[in-house]
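Data block below; observations after.
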Amino acid sequence: MTDATPPDVTTHAMAILPEDLPTAGSFFKPHRIVLLLIAAALVFCVVWFMRWDWLPQYLPRLGHGIVVTLAMLFSTSILGFLLAVPLGLVQVTGPWPLKTLASGFCTIIRGTPLLLQLWLLYYGLGSLFPQFPAIRHSFLWPYLRESWPYGVAALTISFAAYEGEVMRGAFAGVPSGELEAARAYGMSRWTLFRRIWLPRAIHRALPTLNGETVLQLKATPLVATITVIDVYAVISKVRQDTYITYEPLLLLALIYMCLTGILVVAFRHLENRIPTRGA
Amino acid sequence: MAVDSFINWGLLALEPPGWGGVLLRGLLNSIQIAIGGYAFGLALGVCGAFGKLYGGPILRDLMECYTTIVRAVPELVLILLLYYAGTDALNHVLNLVGIGTVDISGLAAGIFVIGVVQGAYSTEVLRGAIKAVPAGQIEAARAYGMSPFKVMTRVTLPAMLPYAIPGLSNLWLIATKDTALLAVVGFSELTLVTRQAAGATKAYVLFFCAAGALYLALTLVSNVFIKIIERHSRRGFVEQA
């Protein structure tokens with residue numbers, strides 16, 4: 001028995017979650033062994049008959065690309081979450097101007113494609129900034145000329161908007177009796193928030209948070225369109241250099257499947273460590 | 001200079017010196033692909049959900065592979081793979097049959113690609129919704145001697161609809177936004193034409209904001225219809241406080 005709410009339906013439909021992981025025993029059914037053998041034969045054919053001679057040459061760059069992808073994922077998830085907590089909280093208890101502002105922000109970001117937001121920041125702001133001498137002479141300028149700050153900004157904003165919506169539901173869903181009990185103990189508002197409200201909300205939102213993080217990983221390749229050299233960009237370079245269409249893309253899909261798998265296993269580990277009532 | 005490019009509304013005019021007409025045609029393309037891909041995905045999803053719930057062990061495992069792969073690999077990578085592999089494979093088959101190669105329109109390829117991705121998502125949504133239907137209702141239909149197909153069309157699908165509508169409406173909104181990814185393979189939907197217009201006029205902020213407003217309008221209009229459909233499909237349900 002866990003009292004965390006189940007993950008959001010749509011998030012679950014779009015992202016693998018710890019509950020979807022197969023158990024070791026589930027592979028030892030007769031038809032699955034046959035299917036695994038067929039799959040192994042397919043993989044062998046792919047490895048044997050397709051061209052992989054480019055791989056050793058690009059291996060270091062691929063490794064670097066994976067590091068960039070992961071750095072993008074973790075930095076934007078953490079920053080986005082830090083933004084999402086106030087966004088969610090304000091929508092539950094804030095005064096109405098802040099409430100409208102926060103929900104408007106969430107609606108606008110969730111209503112437009114991430115690719116468009118990314119290009120708006122990179123091409124739009126990127127073309128405006130040089131026109132202001134104050135910005136060009138500030139200490140930020142060397143960073144603003146690079147492309148990755150825009151990628152981080154766009155991914156962070158988008159993650160914050162989706163998470164803000166999740167956190168709003170989680171904050172609103174914490175039973176009011178628990179908050180009243182904390183108040184009866186004489187906790188100040190800040191202590192109540194820090195000790196009861198936030199931990200309980202995160203606990204309730206955790207399955208959806210995990211799913212959203214997997215979705216964030218699936219969104220990171222978009223930054224390659226603004227010249228950030230992540231693993232997707234490295235593969236695009238391979239395809240341009242060698243004129244090979246499928247092999248790099250298959251490898252890319254495999255890399256992303258492995259990254260997702262590792263992420264999901266890590267989440268299962270994390271979820272198992274959090275005590276739940278009864279179980 | 002910067003302020004000028006901000007407020008030069010003439011650039012959005014519908015006639016050729018302005019780019020408004022081009023943007024609207026892009027929006028139309030996006031909507032076409034979203035509708036086509038969503039419908040194709042829904043058809044795949046119904047088959048997938050029934051396969052996953054009532055199919056044999058092998059079919060179930062194959063469906064599981066399909067949904068797992070789509071849920072683990074970024075849409076952008078899938079779109080590239082399917083776009084090239086799909087058109088290539090079709091031409092290959094046509095060559096073998098002896099018809100010769102055909103030029104696959106970007107529209108058809110886009111619908112196929114979005115549909116395959118959406119199919120996996122809607123498989124999961126529909127499977128959850130079908131499982132939420134009380135088992136007694138389906139058993140009763142079987143006890144009446146209905147064929148499996150009749151059980152599906154008369155009982156399972158109508159009964160699961162209220163449970164599926166919230167997930168399916170989210171998927172529709174996702175389909176409209178996923179069409180933007182086709183810009184990367186060079187299909188001239190709203191995001192790509194916006195970038196072309198912005199590149200030609202250097203009014204980046206204006207055009208990207210205009211396109212954002214169009215996408216947002218599409219989402220908000222969809223939300224109105226979703227509310228109506230939701231209310232209609234939930235009639236007879238006890239409202240939960």
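The values are calculated or read from the model by the stated rules, or taken from the named source; none is laboratory data. Owing to the predicted nature of the structure, the values given are computational and were not obtained by experimental measurement. Note: ideal-geometry Cβ built from the backbone for every residue, glycine included; neighbour counts use all protein chains shown. We work out accessible area using only protein heavy atoms, side chains counted, and drop any ligands, DNA or RNA first. Shrake-Rupley method; radii C 1.70, N 1.55, O 1.52, S 1.80 Å.
Before moving on, here are some points about what is shown:
- Estimated inter-spin distance, A:ILE78 and B:PHE225, nm [label 7 Å along Cα→Cβ]: 4.3 nm
- Accessible area expressed per residue, the protein assembly as shown, with surrounding protein chains retained (probe 1.4 Å, Å²): 51 Å²
- Extension reserve of the A:ARG195-A:LYS237 stretch, reckoned as 0.36 nm per residue once the Cα distance is removed: 10.2 nm
- R0 of 45 Å, Cβ-Cβ distance B:ARG235-A:VAL34: FRET efficiency to nearest 0.05: 0.40
- Residue among A:ALA172, A:ALA201, A:ALA41 with the largest mean-square fluctuation in a Gaussian network model of chain A, springs linking Cα atoms under 10 Å: A:ALA41
- For chain B, the longest site-free run once chymotrypsin sites (Phe, Trp or Tyr not before Pro) in DSSP loop states with at most 16 other Cβ atoms within 10 Å are removed: B:1-143
- At least 50 Å² of accessible area lost relative to the chain alone, listed for region A:90-137 with a 1.4 Å probe: A:GLY111, A:PRO113, A:LEU115, A:LEU116, A:TRP119, A:LEU120, A:TYR123, A:LEU128
- Neighbours of A:THR208, meaning other residues whose beta-carbon lies under 11 angstrom from its beta-carbon, give a summed charge of -3 when Lys and Arg score +1 and Asp and Glu score -1.
- Heavy-atom accessible surface of region A:27-74: percent carbon and sulfur, 1.4 Å: 82 percent
- Net charge over other residues, Cβ less than 13 angstrom from the Cβ of A:PHE27 (K, R count +1; D, E count -1): 0
- Listed pairs A:LYS29/B:LYS52; B:LYS177/B:LYS227; B:LYS52/B:LYS227; B:LYS131/B:LYS177 exceeding 21 Å between Cα atoms: B:LYS52/B:LYS227; B:LYS131/B:LYS177
- Cα Rg, Dmax (largest Cα-Cα span) when computed across region A:54-273, Å: 20.6, 69
- Protein-protein interface of region B:186-205, residues with accessible area decrease of at least 20 Å², isolated chain reference, 1.4 Å probe: B:THR191, B:ARG195, B:TYR204, B:VAL205
- Gyration tensor verdict on the protein assembly as shown (Cα atoms; rounded if a/c is under 1.5, prolate if a/b is larger than b/c, oblate otherwise): rounded
- All other residues whose Cβ lies under 13 angstrom from that of B:SER222 are scored, Lys and Arg at +1 and Asp and Glu at -1, for a net of +2.
- Computed FRET value (nearest 0.05) for A:MET187 with A:ARG61, which takes r as the C-beta separation and R₀ as 60 Å: 0.65
- Accessible surface buried once A binds B (1.4 Å probe; total of both sides; Å²): 4000 Å²
- Spacing of the two label points (7 Å from each Cα toward its C-beta) at A:GLU180 and A:TRP96, in nm: 2.7 nm
- Span from the region B:153-224 Cα centroid across to the region A:240-279 one, whole angstrom: 27 Å
- Complex-versus-alone comparison for region A:242-263, residues with a loss of 40 Å² or more in accessible area, probe 1.4 Å: A:TYR246, A:LEU249, A:MET257
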